[in-house]
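The values are calculated or read from the model by the stated rules, or taken from the named source; none is laboratory data. A quick note: this is a predicted structure, and the numbers were derived from the prediction, not measured. Glycine gets a Cβ as well: all are built from the backbone with ideal geometry, and neighbour counts include every protein chain shown.
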Amino acid sequence: MNANKLTKREEDVMKILWKAGKGFVKDLLIEHPSPKPHYNTFSTIIRGLEDKGFVSHKSYGNTHEYFPTISKEYYRKLFVKDVVSDYFESSYKNLVSYFVKEDKLNVEDLKELIDMIEKGEEK
């Protein structure tokens, strides 16, 4: 998956596609927050995502309707796995420790996580 990491611009386009489910470039571009990229730039990003296997299309003559080929949840799983591997020595404990040190998790959050682990729940 490392070869298929998305750039920030590609992630932005994928978020639009995941939300829309499918769409033509002109319609998807409308959903892009300002400042909007040029139509050709946006189209090139989508075609690049197709080359990477994240997007496919259905043709209607010369027009293409694009749709994601992987779910947001699947990408999130790959993304988190890569982040943990690349920045936290493949240790989820190190990841949680980082958030504690950065004051992003408090004792109550940790107790809730422990309860989830003990009950085998996902959130």
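Condition (residue is within 28 Å of VAL83 (Cα to Cα) and within 14 Å of the chain's Cα centre (by Cα)) applied to region 28-49: is it met by at least one residue?
Yes, there is a match, as at least one residue in region 28-49 is within 28 Å of VAL83 (Cα to Cα) and within 14 Å of the chain's Cα centre (by Cα).
When the residues of region 78-103 are narrowed to those that are among the charged types (D, E, K, R) and either surrounded by fewer than 13 Cβ atoms within 10 Å (Cβ to Cβ) or assigned by TED's automatic domain parsing to the domain that holds GLY21 (or both), which ends up nearest to the chain's Cα centre (by Cα)?
Of everything passing the filter in region 78-103, ASP86 is nearest to the chain's Cα centre (by Cα).
Evaluate the following for SER71: is it among the polar types (S, T, N, Q), exposed (fewer than 12 other Cβ atoms within 10 Å of the Cβ), more than 18 Å from the chain's Cα centre (by Cα) and within 25 Å of ASP12 (Cα to Cα)?
Details: among the polar types (S, T, N, Q): yes; exposed (fewer than 12 other Cβ atoms within 10 Å of the Cβ): yes; more than 18 Å from the chain's Cα centre (by Cα): no; within 25 Å of ASP12 (Cα to Cα): yes.
No: the conditions fail for SER71.
Quick one: which residue in ASP82, ASP109 is out of contact with any strand residue (DSSP E or B) (no Cβ under 8 Å at 6 or more places or on another chain) and over 30 Å from VAL25 (Cα atoms)?
ASP109
Among the residues of region 82-105, is there at least one that is under 26 Å from LYS15 (Cα atoms), part of a helix (DSSP H, G or I) and in contact (Cβ under 8 Å) with a residue 24 or more places away in the chain?
Looking through region 82-105, at least one residue is under 26 Å from LYS15 (Cα atoms), part of a helix (DSSP H, G or I) and in contact (Cβ under 8 Å) with a residue 24 or more places away in the chain.
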